[in-house]
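A quick write-up on the structure given underneath.
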Amino acid sequence: MSNNTNDIDNAVTVSNVYKNYGDVEALRDLSLDFPRGQLTSLLGPSGCGKTTLLKIIAGLLPADSGEITVNSQPVTGPGPDRAFVFQDFALLPWATVMRNVAFGLELRGVNQSEREAIAEKYIGDVGLKGFENSYPHELSGGMRQRVGLARALSVDAQVLLMDEPFSAVDEQTRRKFQEDLLNLVKNENKTFIFVTHSIEEAVYVSDQVAILLPRPSRVSEIIRPEGFRHKDATSIRRDSEYLDIVDRIWASLRTYVE
Amino acid sequence: MIRYRSYLLTFLSAFIVLGSWEIAGRIPVSYSFPTFVETITAFWVLLLDGTMFVAYGETLKPLVVGVLISAFLGIGIGLTIGLSKKFDWLLSPVFVVMQTAPLAALIPLLVMIYGIGLTSKVFVVCIMAMPVIVLNTSGAVRNTPASIIEMGQAFLGTKRDIILKIILPAASPIIFAGLRLGVSAGFIGAILAELKITPTGVGDIISYSRSIADYPSMYAAIMSIILLAVIFLNVLERIENFLFKGTRQGYASE
Ligand SMILES: Nc1ncnc2c1ncn2[C@@H]1O[C@H](COP(=O)(O)OP(=O)(O)OP(=O)(O)O)[C@@H](O)[C@H]1O
Ligand SMILES: [Mg+2]
């Protein structure tokens, strides 16, 4: 399916991956390429295997067969080139926001003053200034999610694996984050793999949207919303191509809902 | 305000318990059941003539040694069992058996092997204290949420990091609960050893005063060991709060 992307520099490639959980067939012969410096969304029904695919790319789960490469190196386990934003946040309940955000750096052996300075910046970026010394149970769901986001950003990995990173934040914050994300993609040469349930969000932020079939999961379609990328953030949402693509994706997804 | 009220409630409940004891002693429910006032008087006598101190010098030896061994070895073994399936198969059954074994029946065997000295008594304390510490620790380790372990791996934590920075703090509340239960059981073990092996220390006060029908002294000795256990458990709780300040807060609503 990726004949026309052969000349593109791919940061991550996934070829013919199979994954079963016991009797449950999660992924079947899934292939997908992730061009460097771009944002790819994975869109598909709940339980279709998006988290599974992300964890396989992260090196947290082994694939049953098939090949995954990051920067042309086969994936054998987690690496410093990838950072993960977990769907269930995965925060340490006994650690403050500061320690949680800096935890990735702590595990990499960065000394305390340095890692806290970096964490401080990202805590500010996700809008949690003033909550450095709070514990996760003192935060709302959306705030916890932002802690997980800041943790992933602070390790400065080339590939960001984001599992529904905005699912629990409120609509205003969500829109702001989507715009921030667009700027991040534009300004930093990072590759984003982004799982979402929202068609609008996928079309708004993505260079390419991969639509996954229900379990066992394969890629049914890849859509590249390119025409309106150059427009400014607010006018995209009124762009006719943007609206067309949203409709088209909805039309192809609704067959699975019924 | 809440603190003040909780002290008040503690005081009230102590008053009710001790009051009923006094009344029951005065009726009396049994010839061998002294009143609270008699017991406390006997307690002071034993304390002031030094008997109590000499006795605890004896009793504390197997108790402290046994509890320390149980704590360190128990947590160590519990961690190993919790982290490795192989050791789980190998060792868990030993501690399950140990926990359910009728200790009184094992004591003659211990005496036969290790004699009537300190070693046998330490063994009794360990048999009482260790299983619950081991089983709690291994259970707690196994129940660490998979998602935070996965997070540690994703952010390149080494095996050591993941054990020290994720699994241990996550398991610590339950490990400490096991430690508290283990220490209480160790106290029972220490007294049991002194009653069943050779009467020394506090066990000696208990069996001697029973033999001469000095029931107030007997109850005073029993009361003193309970008191000591309560104090010890309180100290343990303080240590836990000091070591893992955030941990308890974090679990409050999770
Ligand atoms: N550890 C596991 N053991 C057994 N089955 C699993 C496991 N993890 C996931 N599955 C199954 O694999 C399928 C894919 O799960 P996955 O979490 O990847 O879905 P998802 O696309 O991320 O769903 P959602 O959008 O709801 O997060 C599901 O049907 C699930 O039941
Ligand atoms: Mg998921």
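Considering the stretch A:88-128 alone, what residues qualify as being within 16 Å of ligand 2 (Cβ to nearest atom) and open to solvent by less than 10 Å² (accessible area, probe 1.4 Å)? Explain how you work it out, then say what you get.
To start, the set of residues in the stretch A:88-128 that are within 16 Å of ligand 2 (Cβ to nearest atom) comprises A:88-90.
Within the stretch A:88-128, just A:Ala90 meets the criteria.
Which ones in the stretch B:163-174 are at the interface with chain A (Cβ under 9 Å from one of its Cβ atoms) and open to solvent by less than 40 Å² (accessible area, probe 1.4 Å)?
Matches in the stretch B:163-174: B:Ile166, B:Pro169, B:Ala170, B:Ser172.
I'd like to verify a number: residues in the stretch A:18-36 that are within 8 Å of ligand 1 (Cβ to nearest atom) and not in a strand (DSSP E or B), how many?
The number of residues fulfilling the criteria is 1.
Would you check which residues across the stretch A:37-55 are of a type in the set (S, T, N, Q) and either within 14 Å of chain B (Cβ to nearest Cβ) or open to solvent by 10 Å² or more (accessible area, probe 1.4 Å) (or both) and list them? If you could, list the steps in order and put the result at the bottom.
Just the residues of the stretch A:37-55 that are of a type in the set (S, T, N, Q), to begin with: A:38, A:40-41, A:46, A:51-52.
Passing the criteria: A:Gln38, A:Ser46, A:Thr51, A:Thr52.
Are any residues in the stretch A:56-87 more than 8 Å from chain B (Cβ to nearest Cβ), on the phi < 0 side of the Ramachandran plot and open to solvent by 40 Å² or more (accessible area, probe 1.4 Å), and if so, which ones?
Passing the criteria: A:Pro62, A:Asp64, A:Ser65, A:Glu67, A:Gln73, A:Pro74, A:Thr76, A:Gln87.
Results for (1) within 16 Å of ligand 1 (Cβ to nearest atom); (2) assigned to a loop (DSSP other than H, G, I, E, B); (3) under 21 Å from the mean Cα position of the chain (by Cα), shown as yes or no for each residue.
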| site | (1), (2), (3) |
| --- | --- |
| A:Pro62 | yes, yes, yes |
| A:Gly66 | yes, no, no |
| A:Gly79 | no, yes, yes |
| A:Trp94 | no, yes, no |
| A:Ser113 | no, no, no |
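Here's the yes/no breakdown for (1) of a type in the set (S, T, N, Q); (2) closer than 30 Å to A:Val85 by Cα; (3) within 14 Å of another protein chain (Cβ to nearest Cβ); (4) touching a helix residue (DSSP H, G or I) at 6+ places or on another chain (Cβ under 8 Å):
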residue: B:Val64; (1), (2), (3), (4): no, no, no, no
residue: B:Gly74; (1), (2), (3), (4): no, no, no, yes
residue: B:Pro93; (1), (2), (3), (4): no, no, no, no
residue: B:Ala105; (1), (2), (3), (4): no, no, no, no
residue: B:Leu118; (1), (2), (3), (4): no, no, no, yes
residue: B:Ile133; (1), (2), (3), (4): no, no, no, yes
residue: B:Gly157; (1), (2), (3), (4): no, yes, yes, yes
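Criterion first (modelled with pLDDT under 90 and either within 14 Å of chain B (Cβ to nearest Cβ) or out of contact with any Phe, Trp or Tyr (no Cβ under 9 Å at 6 or more places or on another chain) (or both)) does A:Glu120 satisfy it?
No, not satisfied.
Consider B:Pro216 carefully, then state whether it is under 27 Å from B:Val54 (Cα atoms), part of a helix (DSSP H, G or I) and of a type outside the set (Val, Ile, Thr).
So B:Pro216 passes the test.
Could you check the stretch A:88-116 and list, in sequence order, the residues that are at the interface with chain B (Cβ under 9 Å from one of its Cβ atoms) and of a type in the set (S, T, N, Q)?
A:Thr96
Among the residues of the stretch A:152-181, how many are more than 14 Å from ligand 1 (Cβ to nearest atom), in contact (Cβ under 8 Å) with a residue 60 or more places away in the chain and within 14 Å of the chain's Cα centre (by Cα)?
Of the residues in that region, 7 qualify.
Which of the residues that make up the stretch A:182-198 are open to solvent by 20 Å² or more (accessible area, probe 1.4 Å) and within 16 Å of ligand 1 (Cβ to nearest atom)?
Listed by number, the residues that qualify are A:His197, A:Ser198.
Is it the case that the stretch A:228-249 has a residue that's in contact with a Ser or Thr (Cβ under 7 Å, 6 or more places away or on another chain) and either more than 23 Å from A:Thr69 (Cα to Cα) or in the same structural domain as A:Leu139 (by TED's automatic domain parsing) (or both)?
No, every residue in the stretch A:228-249 fails to be in contact with a Ser or Thr (Cβ under 7 Å, 6 or more places away or on another chain) and either more than 23 Å from A:Thr69 (Cα to Cα) or in the same structural domain as A:Leu139 (by TED's automatic domain parsing) (or both).
Could you please find all residues in the stretch B:37-71 being of a type outside the set (A, V, I, L, M, F, W, C) and within 20 Å of the chain's Cα centre (by Cα)? Quick ask: steps written out before the conclusion?
Start the filter on the stretch B:37-71 by keeping residues that are of a type outside the set (A, V, I, L, M, F, W, C), which leaves B:38-39, B:41, B:49-51, B:56-59, B:61-62, B:66, B:70.
Scanning the stretch B:37-71 gives B:Tyr56, B:Gly57, B:Glu58, B:Thr59, B:Lys61, B:Pro62, B:Gly66, B:Ser70.
Is at least one residue of the stretch A:21-30 more than 16 Å from ligand 2 (Cβ to nearest atom), of a type outside the set (S, T, N, Q) and open to solvent by less than 10 Å² (accessible area, probe 1.4 Å)?
Checked against the condition, which is being more than 16 Å from ligand 2 (Cβ to nearest atom), of a type outside the set (S, T, N, Q) and open to solvent by less than 10 Å² (accessible area, probe 1.4 Å), the stretch A:21-30 yields no hits at all.
Could you tell me whether B:Ala177 is more than 14 Å from chain A (Cβ to nearest Cβ), small (Gly, Ala, Ser) and touching a helix residue (DSSP H, G or I) at 6+ places or on another chain (Cβ under 7 Å)?
Judged against the criteria, B:Ala177 is a match.
Working only within the stretch A:37-55, note down all residues that are more than 6 Å from ligand 1 (Cβ to nearest atom), part of a helix (DSSP H, G or I) and touching a strand residue (DSSP E or B) at 6+ places or on another chain (Cβ under 6 Å).
Passing the criteria: only A:Leu54.
Out of all the residues in the stretch A:159-175, which are crowded, with 19+ Cβ neighbours inside 10 Å and not hydrophobic (A, V, I, L, M, F, W, C)?
Scanning the stretch A:159-175 gives A:Asp163, A:Glu164, A:Pro165.
Would you check if A:Ser15 is more than 25 Å from B:Ile162 (Cβ to Cβ), more than 16 Å from ligand 1 (Cβ to nearest atom), modelled with pLDDT under 95 and not in a helix (DSSP H, G or I)? Steps first, answer last, please.
Details: more than 25 Å from B:Ile162 (Cβ to Cβ): yes; more than 16 Å from ligand 1 (Cβ to nearest atom): yes; modelled with pLDDT under 95: yes; not in a helix (DSSP H, G or I): yes.
In short, yes.
Based on what the data block shows, is A:Gly141 within 16 Å of ligand 1 (Cβ to nearest atom), within 13 Å of chain B (Cβ to nearest Cβ) and closer than 26 Å to A:Gln178 by Cα?
So A:Gly141 passes the test.
Only one of (1) touching a residue at least 12 places away in the same chain (Cβ under 8 Å); (2) farther than 22 Å from A:Gly141 by Cα fails for A:Glu114. Which number is that?
All conditions are met except number (1).
Rundown of residues vs (1) open to solvent by 50 Å² or more (accessible area, probe 1.4 Å); (2) touching a strand residue (DSSP E or B) at 6+ places or on another chain (Cβ under 7 Å); (3) closer than 25 Å to B:Ala221 by Cα; (4) of a type in the set (Ser, Thr, Tyr), yes/no style:
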{"position": "B:Gly82", "(1), (2), (3), (4)": "no, no, no, no"}
{"position": "B:Trp89", "(1), (2), (3), (4)": "yes, no, no, no"}
{"position": "B:Thr119", "(1), (2), (3), (4)": "yes, no, yes, yes"}
{"position": "B:Asn143", "(1), (2), (3), (4)": "yes, no, no, no"}
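The values are calculated or read from the model by the stated rules, or taken from the named source; none is laboratory data. Keep in mind it's a predicted model, so treat the numbers as computed, not measured. So basically every Cβ, Gly included, is an ideal-geometry build from the backbone, and we count neighbours across all protein chains shown. Ligands, DNA and RNA are stripped out before the accessible areas are found, and what is left, the full protein with its side chains, is counted by its heavy atoms. Shrake-Rupley method; radii C 1.70, N 1.55, O 1.52, S 1.80 Å.
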